[in-house]
Amino acid sequence: MTSLPPTANRLSPKQLKEWLHDGQEIALLDIREHGQYGEAHLFYAVNLPYSRMEAELPRLVPQKATRVVVYDTADEGMVQRAASVLAECGYTSVHILAGGAEGWKADGRQLFAGVHVPSKTFGELAEEVFHTPHISAQELKRRQDAGEKLVVLDGRPFSEYRKMNIPGGICCPNGELALRTDLLVPDEETTVVINCAGRTRSIIGAQTLINLGLPNPVYALQNGTQGWVLADQALEHGADRRYPDAIPHDSLPALRERAQQYAARFEVPEITPQTLLQWQADSSRTTFLCDVRTGEEYRTGTIAGAQHAPGGQLIQATDLYLGVRGARVVLFDNEQVRAPVVAGWLRQMGWDVHVLRNADTLMTTRPAQPAPAGQLPDLARIPAAQLAAQAANGATLLDVRPSMEFRKAHLAQAVWSNRTWLEQEDSRLPGPFILLAKNPQDAAMAAKTLEAHGRQVIGANTDSPDAWRQAGLEVEASSDNPPDARCIDYLFFVHDRHHGNREAARQYLAWETGLVAQIDARERAAFRLPG
């Protein structure tokens, strides 16, 4: 087993607090699994689970000289292993938060439940500052029943919209509103209602249209789909209404002018392709390059080094894309309508954000996944047809996919674990092992841990449950395997609200509205909202 590297100094909560506000780059990484992180974490923490470290580090913390602070619950063995991985991957300024999250709290500082806390707090503050108008579920239903002229636009991605939506609603993610709303709203008298599942994207979406100067009455649906259910209204499921893909060419100049006025209001700077290339070559600063277009557009070609960050989701969940506080951020699209609007919001969130002009001159590269940091084992691929025979010969089929995917469908002979459990009580599971994973990287990271414990890994299989069934293997489901207490990668607090649990929905909405009261003066001052 690797030991704590000498570069990983322990940092007091007081010193970390100063670092978080000194204006220099810092990556604050919570290395616990997602469910553990979501129970109680620091405000600016980015969740980088130990089970995903090597795969996600190049994207979230691309510069190896960046100040990195890692922590777990109580400065236990897992954070030391994470610090060792960072050192092995070449990171040269690695620090451990003394006492972990519990030490932070014991020092009189706030911990936060939930996910995407800075983004959601910002949304609540934006509503306070802009006085974003809202409409209740009861009033919206009354107007729909009365046949009033209104359009409901769902500001979430299409995958979320299809799970449940307001009846009659059309999917138009927030990042697309500036470009596509005019095609979805027939005239200036039609009322526009923006909804999400809760509050934040409803607020940001509605305020986006208001800030852009849309002449229509615009409202955020109070409490989103959850508020709709709590008002005893039925949701739709599986709907496929969505924004139009094609934008009339003659409408672009007016849309671009509107977006440019919006960006000027919030002092969003632009850069040239030449400046971007210089920044990308600068190892002294982190530059995140984000393609804010749709997934379909991104897959046809993008700029080298860009990650796909759909504009609405980038605002809603900034911590999923930007792992270094104080970094530079560059956004781009095709038409300079979406990127300036998204950048305007990120600037108000406190980011050093820029819009790339003439992005099309650099868009020649098909998307590429960054190579993982550090060395990972090269595992043999075990075909599905061989799995049963391998298990009969004594191999353990170890499934390291997310716990909820295991519950939904897994091989009857498989045992579930993940890399964090393999570092702890699962380190003595009987081997040798064949790893069942979503992708080769996940399998290789789990294998690295097993081999560090002296265990033998035969190879990996990354097929889907459907492929297993086609190979004649027995696939089963279970509602309690693994048991809830083992599902440290899943945050029940967030997800139960979407499965008919009204109390979970009420608790979630109370959590959102209570965020602003939990932040301190320096955290609030880091936002740049007007007024």
Out of the stretch 339-354, which residues are surrounded by fewer than 23 Cβ atoms within 10 Å (Cβ to Cβ) and small (Gly, Ala, Ser)? Gly350
I need the strands (runs of 3 or more DSSP E) fully contained in the stretch 27-109, keeping only those with at least 2 residues that are in contact (Cβ under 8 Å) with a residue 60 or more places away in the chain. 27-30, 94-97
Pairs returned, first residue in the stretch 118-143 that is under 17 Å from Leu509 (Cβ atoms), second residue that is among the hydroxyl-bearing types (Ser, Thr, Tyr), beta-carbon separation under 6 angstrom, 6 or more apart or interchain, are Ser119/Thr318; Lys120/Thr200; Gly123/Thr200; His134/Tyr219; Ile135/Tyr219
Name the pairs whose Cβ atoms lie under 6 Å apart, with the first residue in the stretch 151-163 and at negative phi, the second part of a helix (DSSP H, G or I) and basic (Lys, Arg), and 6 or more positions between them or separate chains? Gly155/Arg201
Any chance you could count how many residues in the stretch 445-466 are within 9 Å of Ala384 (Cβ to Cβ) and open to solvent by 30 Å² or more (accessible area, probe 1.4 Å)? 1
Answer yes or no: is there a residue in the stretch 221-232 that is in contact (Cβ under 8 Å) with a residue 60 or more places away in the chain, closer than 28 Å to Thr513 by Cα, open to solvent by less than 10 Å² (accessible area, probe 1.4 Å) and touching a strand residue (DSSP E or B) at 6+ places or on another chain (Cβ under 6 Å). yes
Quick check: is even one residue across the stretch 163-170 modelled with pLDDT of 95 or more, crowded, with 16+ Cβ neighbours inside 10 Å and closer than 14 Å to Gly312 by Cβ? no
Cβ pairs under 7 Å, 6+ apart or interchain, first in the stretch 398-420 and more than 20 Å from Met78 (Cα to Cα), second surrounded by fewer than 23 Cβ atoms within 10 Å (Cβ to Cβ) and of a type in the set (S, T, N, Q), ordered by first then second residue, are Arg407/Ser478; Arg407/Ser479; Arg407/Asn481; Val415/Thr396
Qualifying residue in the stretch 180-197 (condition: touching a residue at least 60 places away in the same chain (Cβ under 8 Å) and over 30 Å from Ala254 (Cβ atoms)): yes
Would a scan of the stretch 182-196 turn up a residue that is in a helix (DSSP H, G or I), touching a Gly at 6+ places or on another chain (Cβ under 9 Å) and within 13 Å of His134 (Cβ to Cβ)? no
Determine the pairs where a residue that is on the phi < 0 side of the Ramachandran plot and part of a loop (DSSP other than H, G, I, E, B), located within the stretch 260-280, has a partner that is open to solvent by 50 Å² or more (accessible area, probe 1.4 Å) and among the hydrophobic types (A, V, I, L, M, F, W, C) with Cβ atoms under 9 Å apart, the partner being 6 or more residues away or on another chain. none
Being within 18 Å of Thr181 (Cβ to Cβ), of a type in the set (A, V, I, L, M, F, W, C) and open to solvent by less than 20 Å² (accessible area, probe 1.4 Å) is the filter here; which residues of the stretch 254-305 pass it? Leu255, Ala259, Ala263, Val292
Selection count, the stretch 314-323, where residues are surrounded by fewer than 24 Cβ atoms within 10 Å (Cβ to Cβ) and either β-branched (Val, Ile, Thr) or in contact with a Gly (Cβ under 8 Å, 6 or more places away or on another chain) (or both): 1
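The values are calculated or read from the model by the stated rules, or taken from the named source; none is laboratory data. None of these values were measured; they are calculated from a predicted model. Positions of Cβ are generated from backbone atoms using ideal geometry, with glycine treated the same way; all protein chains shown enter the neighbour counts. What goes into the accessible areas is simple: the full protein's heavy atoms, side chains included, and nothing from ligands, DNA or RNA. Shrake-Rupley method; radii C 1.70, N 1.55, O 1.52, S 1.80 Å.
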